[in-house]
Amino acid sequence: MAYKIFNPAASDGKKFFQNLREQKVRYVELTPKSGISPIGRSIRINSCDELNRFLAIWNGADTFIANHPKDVWSVRVRLYADKGVYSGVLRVTTNQGVMFDFDGSPTGWPVISEYQLRRSSPAQIEAVLQSLEGSLDKAKECQR
């Protein structure tokens with residue numbers, strides 16, 4: 001427990017995710033993992049409009065302790081920011097709502113932190129994900 005509290009990756013992630021709209025996220029990669037995913041293929045979000053819509057669903061994300069979540073679907077998320085890559089699994093569950101398992105940080109420290117996305121319903125998040133077209137142009141990035 002002390003490791004989780006004093007882990008530099010966990011505190012860096014908390015600052016990053018709680019202020020995501022202010023972060024310099026250049027692009028995001030999404031990959032379907034399990035269940036009937038709202039995205040049917042891997043997507044790279046690099047247009048400013050799509051990136052802003054995706055980041056808006058994270059408003060109010062905060063750490064919590066999950067209690068045996070049962071997945072409906074899950075998507076691997078990799079956020080490429082000026083600080084480095086933050087990654088994890090975004091999932092909709094039957095009993096915990098929408099949650100994000102933060103498991104990769106640019107600090108290099110191992111991390112497992114859970115975030116609950118409280119201000120966005122599963123239906124809202126699915127609608128945003130389904131609306132994303134993504135891009136195959138890897139050279140283009142949103143300048144925020």
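Go through (1) acidic (Asp, Glu); (2) open to solvent by 40 Å² or more (accessible area, probe 1.4 Å); (3) under 12 Å from the mean Cα position of the chain (by Cα) for residue 101 and report which single condition fails.
(2)
Could you list all residues from the range 106-117 that are touching a strand residue (DSSP E or B) at 6+ places or on another chain (Cβ under 7 Å) and either assigned to a strand (DSSP E or B) or open to solvent by 20 Å² or more (accessible area, probe 1.4 Å) (or both)?
106, 112, 113, 114, 115, 116 - these are the residues of the range 106-117 that are touching a strand residue (DSSP E or B) at 6+ places or on another chain (Cβ under 7 Å) and either assigned to a strand (DSSP E or B) or open to solvent by 20 Å² or more (accessible area, probe 1.4 Å) (or both).
Name the residues in the range 27-59 that are more than 13 Å from residue 135 (Cα to Cα) and either among the aliphatic types (A, V, I, L, M) or part of a strand (DSSP E or B) (or both), would you?
Going through the range 27-59, the residues more than 13 Å from residue 135 (Cα to Cα) turn out to be 31-40, 52-59.
31, 32, 33, 34, 35, 36, 39, 55, 56, 57, listed by residue number.
Pairs under 6 Å by beta carbon, first residue among the small types (Gly, Ala, Ser) in the range 7-33, partner at pLDDT below 90 and surrounded by fewer than 16 Cβ atoms within 10 Å (Cβ to Cβ), six or more apart or different chains?
Close Cβ pairs (under 6 Å, with a partner that is at pLDDT below 90 and surrounded by fewer than 16 Cβ atoms within 10 Å (Cβ to Cβ)) amount to 9/109.
Check off (1) within 21 Å of residue 39 (Cα to Cα); (2) in contact with a Phe, Trp or Tyr (Cβ under 9 Å, 6 or more places away or on another chain); (3) open to solvent by less than 50 Å² (accessible area, probe 1.4 Å); (4) not in a loop (DSSP other than H, G, I, E, B) for residue 125 and give me the number that stays unchecked.
Among (1) within 21 Å of residue 39 (Cα to Cα); (2) in contact with a Phe, Trp or Tyr (Cβ under 9 Å, 6 or more places away or on another chain); (3) open to solvent by less than 50 Å² (accessible area, probe 1.4 Å); (4) not in a loop (DSSP other than H, G, I, E, B), residue 125 violates only (2).
Which one is least open to solvent (accessible area, probe 1.4 Å) among residues in the range 70-96 that are outside any strand (DSSP E or B) and in contact with a Lys or Arg (Cβ under 7 Å, 6 or more places away or on another chain)?
Step one: of the range 70-96, the residues outside any strand (DSSP E or B) are 70, 82-83, 94-96.
If we keep only those that are in contact with a Lys or Arg (Cβ under 7 Å, 6 or more places away or on another chain) as well, we get 82, 94-95.
Numbers: 82: 99, 94: 101, 95: 67 Å².
So the residue we want is 95.
When you check residue 65 against the structure, is it within 24 Å of residue 92 (Cβ to Cβ), of a type in the set (Val, Ile, Thr), open to solvent by less than 40 Å² (accessible area, probe 1.4 Å) and touching a strand residue (DSSP E or B) at 6+ places or on another chain (Cβ under 9 Å), yes or no?
The answer is no for residue 65.
For residues that are more than 15 Å from the chain's Cα centre (by Cα) and over 19 Å from residue 27 (Cβ atoms), tally how many sit in the range 69-92.
Total satisfying the criteria: 4.
Under 6 Å by Cβ, and 6 or more places apart or on different chains, what pairs join a residue from the range 46-61 that is over 11 Å from residue 27 (Cβ atoms) with one that is part of a loop (DSSP other than H, G, I, E, B) and open to solvent by 10 Å² or more (accessible area, probe 1.4 Å)?
Pairs found: 57/120; 59/119; 60/118; 60/119.
The values are calculated or read from the model by the stated rules, or taken from the named source; none is laboratory data. Quantities reported herein were computed from a predicted structural model and do not represent experimental measurements. Neighbour counts run over all protein chains shown; Cβ positions are idealised from the backbone, glycine included. Accessible surface areas use protein heavy atoms only, side chains included; no ligands, DNA or RNA. Shrake-Rupley method; radii C 1.70, N 1.55, O 1.52, S 1.80 Å.
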